[in-house]
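Some notes on the structure that comes next.
No value in this document is a laboratory result; all are computed from the given coordinates. Small disclaimer: the values here were computed from a predicted structure and weren't measured. Glycine also receives a Cβ, built like all others from the backbone with ideal geometry; neighbour counts cover every protein chain displayed.
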2 protein chains.
Amino acid sequence: MNKVSIISIGDELLIGQTINTNAAYIGEKLTAIGYEVIRNFTVGDNREDILKTFSDAEAISDFIFITGGLGPTHDDITRSCILEYFQTDLVFDEQTFERIKKLFEKRNIPMPEINREQARVPRIAKVIPNDYGTAPGYDITKNGKRFFVMPGVPYEMRGMMENTILPDLKNYIQSKNIFYNQKILYTTGIPESALYTKLEDIRPLFDEVKVAFLPSQFGVKIRLSMRSNDEKFNLKKIKFLEEKIRERVGDYIYTDEDLPIEEVIGKILTERKLKLAVAESCTGGLICHRITNIPGSSNYFERGVVSYSNESKIEILGVNPETIKNFGAVSEQTAIEMARGVRKISKADIGISTTGIMGPTGATETKPIGLVFVGYSDSEREFAKQFNFADNRVRNKDKTSQVALEILWRALTGKI
Amino acid sequence: MNKVSIISIGDELLIGQTINTNAAYIGEKLTAIGYEVIRNFTVGDNREDILKTFSDAEAISDFIFITGGLGPTHDDITRSCILEYFQTDLVFDEQTFERIKKLFEKRNIPMPEINREQARVPRIAKVIPNDYGTAPGYDITKNGKRFFVMPGVPYEMRGMMENTILPDLKNYIQSKNIFYNQKILYTTGIPESALYTKLEDIRPLFDEVKVAFLPSQFGVKIRLSMRSNDEKFNLKKIKFLEEKIRERVGDYIYTDEDLPIEEVIGKILTERKLKLAVAESCTGGLICHRITNIPGSSNYFERGVVSYSNESKIEILGVNPETIKNFGAVSEQTAIEMARGVRKISKADIGISTTGIMGPTGATETKPIGLVFVGYSDSEREFAKQFNFADNRVRNKDKTSQVALEILWRALTGKI
């Protein structure tokens with residue numbers, strides 16, 4: 001009744017040129033509203049294999065999600081496979097055509113003829129509008145099985161999921177009296193094993209409420225979930241366990257909404273009318289990038305300086321050349337002067353900074369790859385904290401940006 | 001004869017907690033030596049589903065790669081599924097036991113009893129040694145089909161592939177005289193449909209050499225591939241088509257190696273000993289972030305300024321307040337002054353800049369969301385280019401960073 005198979009179509013997936021993030025995204029979103037994903041299939045741009053996979057998936061599941069192969073070119077054969085599988089033909093969809101035409105108008109590009117062809121859709125399909133691209137999606141029900149067909153471009157697929165499919169499927173499962181509830185606690189600054197150890201005494205409670213730990217370089221999510229036909233019971237049990245967890249590791253939980261830490265920080269800064277400035281050396285712009293991903297960040301983010309060279313640290317941020325000479329660019333002292341400098345030149349309320357060695361080169365005898373200092377400065381105090389991340393360059397940048405944002409969050413919430 | 005299925009086992013994959021990178025890795029490595037990956041299956045920690053998937057995969061392929069579920073705890077059931085599927089039993093493998101024992105000695109940890117159990121392997125399996133963890137892999141041949149069973153931990157699996165499986169399979173396929181060759185052309189600045197239209201007259205050639213178009217917000221990749229028993233023939237055909245494609249769309253191809261455009265730019269800057277500085281408004285640090293993801297970028301990236309506020313544009317970059325007053329912060333004039341300003345204060349050879357409206361708010365009557373200006377300045381010329389991206393905030397940032405890097409690449413290669 002709620003069993004799902006996900007089919008990803010495309011040679012690029014089979015040959016490993018593209019990593020399949022679509023299946024993970026769909027699996028996560030459907031699991032979160034109570035569906036049970038039982039199989040993923042990946043298949044190439046090959047008619048026979050696609051048709052075989054459609055029927056294999058249909059045989060074991062109630063819902064079949066298909067992505068990929070809806071583009072306008074010759075190697076996109078999903079639409080014609082759908083026609084064959086469901087024994088249907090194409091009809092011209094005026095609304096889709098208008099939508100595609102507008103998309104090109106907005107981009108100021110004449111519409112190529114091949115995109116017109118995308119407005120022809122399988123007769124038995126309900127069209128799923130695409131807010132971000134040309135290819136429409138299809139919603140097809142036959143013999144009690146429901147097929148969703150979407151483009152493989154991740155943001156186009158995500159748009160369809162969020163705007164059309166998920167709201168619909170959420171209503172559907174609730175109408176069947178299945179309630180899946182979950183709460184996710186977002187932690188930062190503590191590894192999975194330490195978290196697990198701190199929760200040792202309440203682990204017997206994990207039998208009733210399902211608990212999963214989901215680690216990444218941006219922190220560990222703790223997911224509490226329950227499925228039953230009694231929503232109140234689910235919520236009560238989850239709430240009880242949540243409180244026990246918060247008693248033990250509450251200091252590491254920065255939100256229980258689906259928000260990155262930069263958005264949590266943004267809300268606090270907005271509320272308190274505080275302005276932020278950032279001086280980045282080793283993170284190279286990543287912290288500013290994360291902060292400015294949040295809509296409305298221009299209200300609190302004043303400026304950032306990516307002071308990669310020593311000269312830029314001295315010239316723009318006013319770091320004392322003697323500090324760099326005596327302690328090095330990667331040092332507590334330089335981090336503090338960078339944070340103070342960017343705060344002062346911008347007249348912002350808070351300045352934060354990073355300086356470190358991201359690798360693969362740049363290590364010295366006393367300063368290994370992964371050595372990082374994060375600086376903090378406001379009108380009342382300033383400090384720097386040291387970290388050691390022995391990882392690759394991109395992950396070292398990720399981890400450094402995360403601890404810098406964590407320090408900012410802790411400073412704003414009186415936790416540091 | 002060379003058809004491959006890959007089976008990934010684990011609930012964490014189905015619920016989207018872990019992205020399946022193993023299948024992509026295995027697919028890439030096997031494709032590169034001439035095997036044809038025809039299907040990926042992902043299945044949960046469920047006996048019935050696992051056994052069904054084994055037989056589904058066996059029915060369509062010659063080689064079956066299985067990863068995951070070989071750990072020592074209760075939810076790892078792959079080994080017992082193997083026993084059931086092949087109707088075999090366990091034997092104690094002395095060599096594996098010695099290897100596991102040594103692993104714990106090296107880590108200075110006493111060996112837990114559950115790891116001893118891992119030295120018991122299916123009777124019909126040839127053991128694949130694990131250089132990085134406890135679980136051995138299995139190499140099983142039955143009825144002309146060959147199964148490789150490996151742990152799900154990526155670096156353990158990769159060790160087995162590289163040290164044992166790939167050398168063996170490479171010998172095998174060359175003995176069968178099958179060759180697969182491919183070439184990927186990386187384009188930027190042209191949508192898939194326009195690319196396709198420009199290649200219209202040579203499309204009949206796509207029948208012999210397989211051609212695929214892989215679009216993302218960072219450009220479209222064109223993949224040319226061929227499989228035959230004559231490697232020279234493959235290479236000749238691919239080369240011939242590549243030249244035809246280059247004649248038509250060569251201006252958009254920035255590399256045929258697996259490199260992002262920021263790395264291609266980095267190589268050029270390094271070679272010519274040029275220094276770069278970046279002034280970002282609307283991209284908010286993303287361009288600096290992309291540039292500094294490349295190892296060695298500190299040799300050519302001097303500094304970046306994320307001038308979000310008007311004050312920062314004026315104070316750090318020296319943009320004339322009258323320019324902002326008369327033309328607005330989002331204008332050709334401001335973009336040029338930003339690029340010029342960051343170049344001058346840094347004494348870099350080239351300055352680039354971005355200013356625009358990323359949304360969801362900030363649009364005015366004359367300046368819609370997605371309006372962007374990219375500025376360029378070197379000692380001989382300066383200019384700005386206008387773009388309109390009608391997308392969401394994050395994708396507008398991605399696309400703006402990409403056109404800014406494209407302009408830089410074009411300027412460096414005399415294409416603009």
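For the pair B:Lys239 and B:Ile109, label points projected 7 Å from Cα toward Cβ lie 5.3 nm apart. Across the stretch B:261-412, Cα pairs under 8 Å and at least six residues apart give a relative contact order of 24 percent. Sequentially through the stretch B:209-225, phi angles give Karplus couplings (6.51, -1.76, 1.60; θ = phi - 60°) of 8, 6, 10, 10, 10, 10, x, 8, 5, 9, x, 10, 8, 10, 9, 10, 9 Hz, Gly and Pro residues having no value and appearing as x. FRET efficiency for the pair B:Glu84 and B:Lys3, taken as 1/(1 + (r/R0)^6) with r the Cβ-Cβ distance and R0 = 22 Å, rounds to 0.35. Across peptide A:277-286, the mean count of Cβ atoms from other chains lying within 10 Å of each residue's own Cβ comes to 6. Positive-end ranking of B:Thr164, B:Ser8, B:Tyr85 along the dipole of the stretch B:3-175, with charges on Cβ about the Cα centre, is headed by B:Thr164. Taking all Cα pairs closer than 8 Å and separated by 6 or more residues, the relative contact order of chain B comes to 10 percent.
Computed from label points 7 Å out along Cα-Cβ, the spacing between A:Lys101 and B:Ser379 is 5.4 nm. A simple spin-label model places pseudo-atoms 7 Å from Cα toward Cβ; at A:Glu257 and A:Asn143 they are separated by 4.6 nm.
How large is the charge dipole for the stretch B:296-416, taken about the Cα centre, if only the Cβ atoms of Lys, Arg (+1) and Asp, Glu (-1) carry charge, to the nearest 20 debye? Dipole size: approximately 200 debye. Given a cut-off of 22 Å, name the pairs among A:Lys221/A:Lys244; A:Lys170/B:Lys399; B:Lys52/B:Lys142; A:Lys273/A:Lys385; A:Lys325/A:Lys385 whose C-alpha atoms lie farther apart than that in the structure shown. Correct reply: A:Lys170/B:Lys399; A:Lys273/A:Lys385. Between the helical axis of B:94-107 and the longest alpha-carbon principal axis of chain B there is an angle of about 40 degrees. Students often get this wrong: which residues of the stretch A:392-408 have the backbone nitrogen under 20 Å from the point 7 angstrom along Cα-to-C-beta of A:Phe213? Residues A:399, A:403 qualify, since their backbone N sits under 20 Å from the label point.
Using mean Cβ contacts within 10 Å as the protection proxy, how do A:10-18, A:122-130 order, highest first?
Ranked from most to least packed, the peptides come out as A:10-18, A:122-130.
Each residue of chain B gets 196 Å³ once the volume of the Cα convex hull is shared out per residue.
Cβ-Cβ distance of A:Thr366 and A:Thr197, R₀ of 51 Å, FRET efficiency by 1/(1 + (r/R0)^6): the value works out to about 0.95.
Determine the dipole magnitude for the protein assembly as shown: charges of +1 sit on the beta-carbon of Lys and Arg, -1 on that of Asp and Glu, nothing else is charged, the reference point is the Cα centre, and the result goes in debye to the nearest 20. Mind dumping the intermediate values first?
Details: 112 positive and 114 negative charges, 170 e Å.
Dipole of the protein assembly as shown, to the nearest 20 debye: 820 debye.
Karplus-based coupling profile of the stretch B:156-162, in residue order and whole Hz: 5, 4, 5, x, 5, 4, 5, with θ = phi - 60° in 6.51 cos²θ - 1.76 cosθ + 1.60 and x standing for Gly or Pro. In units of the rule-of-thumb radius 2.2 N^0.38 Å, the stretch A:261-412 shows an alpha carbon radius of gyration of 0.96. Listed by chain and number, the lysines whose alpha-carbon sits under 16 Å from that of B:Lys275, ignoring those within fewer than 8 places in the same chain, are B:Lys267, B:Lys344, B:Lys347.
Taking 0.36 nm per residue of separation and subtracting the current Cα-Cα distance, fully stretching the chain between A:Phe327 and A:Asn229 would add 29.0 nm.
Rounded to the nearest 5, what % of the DSSP beta bridges within the protein assembly as shown are antiparallel ones? Once the DSSP bridges in the protein assembly as shown are tallied, antiparallel ones form about 65 percent. Against the compact-protein benchmark of 2.2 N^0.38 Å, the Cα-based radius of gyration of the stretch A:3-175 scales to 0.99.
Note on the protein assembly as shown: dipole from Cβ charges, positive end direction compared against A:Thr197, B:Pro295, A:Ile253; the farthest Cα belongs to B:Pro295. Would you mind checking the tilt of helix B:47-60 against the longest principal axis of the Cα atoms of chain B, expressed as 0 to 90 degrees and rounded to 10? Here the helix axis deviates by roughly 80 degrees.
Charge dipole (Cα centre; +1 on Lys/Arg Cβ, -1 on Asp/Glu Cβ; no other charges) of chain B amounts to roughly 900 debye. Sorting A:Met226, A:Met157, B:Met338 by the number of Cβ atoms found within 10 Å of their own Cβ, with the fewest placed first, yields A:Met226, A:Met157, B:Met338.
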